[in-house]
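Heads up, the thing below is written out as structure tokens.
The values are calculated or read from the model by the stated rules, or taken from the named source; none is laboratory data. The structure presented is a predicted model; accordingly, all values stated were derived computationally and were not measured. Every residue, glycine as well, gets a Cβ built from its backbone with ideal geometry; the counts of neighbours run over all protein chains shown.
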Amino acid sequence: MKFVKPGQYLKKFSIFDLIIIAICAAIGVAIKPVIVPLVQIVTGPLFIPGGAIAGGFYMMWLVIGAGLVGKRGVATLIAVVQALLVLATGIIGTHGIMTLVTYIAPGIAIDILLLATRQYAANIFSCFFCGIAANAMGTFLTNFVFFRLPAIPLILTIAAGALSGGLGGLIAWGIIKGFKKINIPGLNIGGSKKIPVKADKSEKVQNNQINEPVSAVKDYPPAGKNFSLSADFKPGDTVKKDEDKKLPDKQNK
């Protein structure tokens with residue numbers, strides 16, 4: 001099994017891709033403190049965890065990033081950035097060191113689902129099920145690890161989270177479709193563009209792939225007695241000078 005170094009893995013992402021990943025991660029973290037209190041106004045009297053319902057609206061940014069960039073591992077990268085942001089800022093929703101688990105696991109769930117179905121969040125169905133997988137995973141980990149809910153309430157909470165995640169996936173598909181109509185250069189929506197990976201210079205040397213262009217090889221005339229590299233050189237002039245030098249010798253003879 002061949003392991004890929006993080007530096008080599010990130011080489012397949014352009015600067016534009018990394019900007020989109022950072023934006024999706026930042027928006028997903030920023031809207032959480034706004035969405036959760038609003039949802040809890042409705043879910044509180046019903047004794048439904050607000051995070052399970054609100055999760056679909058900030059998990060959708062994982063799906064949006066995966067659809068816009070169109071490459072493997074995007075959702076996991078967004079989730080990693082979100083976990084680091086929450087740990088660094090202490091924003092609402094932090095679970096201490098377990099934040100790395102509860103935030104990164106939904107991204108991994110999306111990437112596994114897309115890899116298994118050979119999709120890049122390019123249609124409504126893949127976005128819908130990616131939203132379900134992400135929020136169901138996040139809801140399960142949060143409620144099982146921290147709240148220790150019994151089996152039946154846990155199943156009901158996961159079902160509510162899955163429904164919210166599916167709605168978030170539908171919203172994500174609407175946003176991805178809108179960007180697809182705009183046709184912004186640099187976006188690889190749904191993995192539609194197959195971008196070749198540039199080989200390193202060392203690999204080119206090993207594979208003997210460095211070939212100089214034919215235009216680089218110049219044909220120079222053979223160097224003779226009166227050869228000069230000057231641009232203003234005229235062979236006739238030097239020949240005449242040599243002939244003038246030889247004339248007195250012929251006359252003396």
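Couple of notes before you dig in:
- Identity of the residue in segment 78-105, in contact with a Phe, Trp or Tyr (Cβ under 8 Å, 6 or more places away or on another chain) and either among the polar types (S, T, N, Q) or buried (at least 19 other Cβ atoms within 10 Å of the Cβ) (or both), that ends up farthest from F13 (Cα to Cα): V86
Let's see how each residue does on (1) within 20 Å of P33 (Cβ to Cβ); (2) part of a helix (DSSP H, G or I); (3) polar (S, T, N, Q); (4) free of Cβ contacts under 8 Å to residues at least 60 places away in the same chain:
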position: T102; (1), (2), (3), (4): yes, yes, yes, yes
position: P106; (1), (2), (3), (4): yes, yes, no, yes
position: I112; (1), (2), (3), (4): no, yes, no, yes
position: A121; (1), (2), (3), (4): no, no, no, no
position: C127; (1), (2), (3), (4): no, yes, no, no
position: A134; (1), (2), (3), (4): yes, yes, no, no
position: P153; (1), (2), (3), (4): no, yes, no, yes
position: W173; (1), (2), (3), (4): no, yes, no, no
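- The single condition among (1) aliphatic (A, V, I, L, M); (2) crowded, with 19+ Cβ neighbours inside 10 Å; (3) modelled with pLDDT of 90 or more that I112 does not satisfy is (2).
- Scanning segment 78-100 for residues that are of a type in the set (A, V, I, L, M) and either touching a Cys at 6+ places or on another chain (Cβ under 7 Å) or without any contact (Cβ under 8 Å) to a residue 60 or more places away in the chain (or both) yields I78, A79, V80, A83, L84, V86, L87, A88, I97, M98, L100.
- In the set A52, A66, A83, A79, only one residue is in contact with a Ser or Thr (Cβ under 6 Å, 6 or more places away or on another chain), in a helix (DSSP H, G or I), of a type in the set (G, A, S) and within 25 Å of A159 (Cβ to Cβ); that residue is A52.
- Looking only at residues of segment 40-49 that are assigned to a helix (DSSP H, G or I) and touching a helix residue (DSSP H, G or I) at 6+ places or on another chain (Cβ under 7 Å), we find that the one that is farthest from A159 (Cα to Cα) is Q40.
- Checking each residue in segment 115-127 for being crowded, with 19+ Cβ neighbours inside 10 Å and touching a Phe, Trp or Tyr at 6+ places or on another chain (Cβ under 9 Å) picks out Q119, A121, S126, C127.
- Taking the conditions (1) without any contact (Cβ under 8 Å) to a residue 60 or more places away in the chain; (2) surrounded by 14 or more Cβ atoms within 10 Å (Cβ to Cβ) in turn, L62 satisfies each one other than (1).
Condition check ((1) in contact with a strand residue (DSSP E or B) (Cβ under 6 Å, 6 or more places away or on another chain); (2) at positive phi) across all residues:
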{"site": "L62", "(1), (2)": "no, no"}
{"site": "A66", "(1), (2)": "no, no"}
{"site": "G73", "(1), (2)": "no, yes"}
{"site": "V80", "(1), (2)": "no, no"}
{"site": "L84", "(1), (2)": "no, no"}
{"site": "G90", "(1), (2)": "no, yes"}
{"site": "T102", "(1), (2)": "yes, no"}
{"site": "Y120", "(1), (2)": "no, no"}
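- Enumeration of residues in segment 90-99 that are modelled with pLDDT of 80 or more and either among the small types (G, A, S) or assigned to a helix (DSSP H, G or I) (or both): T99
- In segment 21-32, residue surrounded by the fewest Cβ atoms within 10 Å (Cβ to Cβ) [restricted to those that are free of Cβ contacts under 8 Å to residues at least 60 places away in the same chain and in a helix (DSSP H, G or I)]: A30
- Residue-level check: of (1) within 13 Å of T139 (Cα to Cα); (2) modelled with pLDDT under 90, L87 misses just (1).
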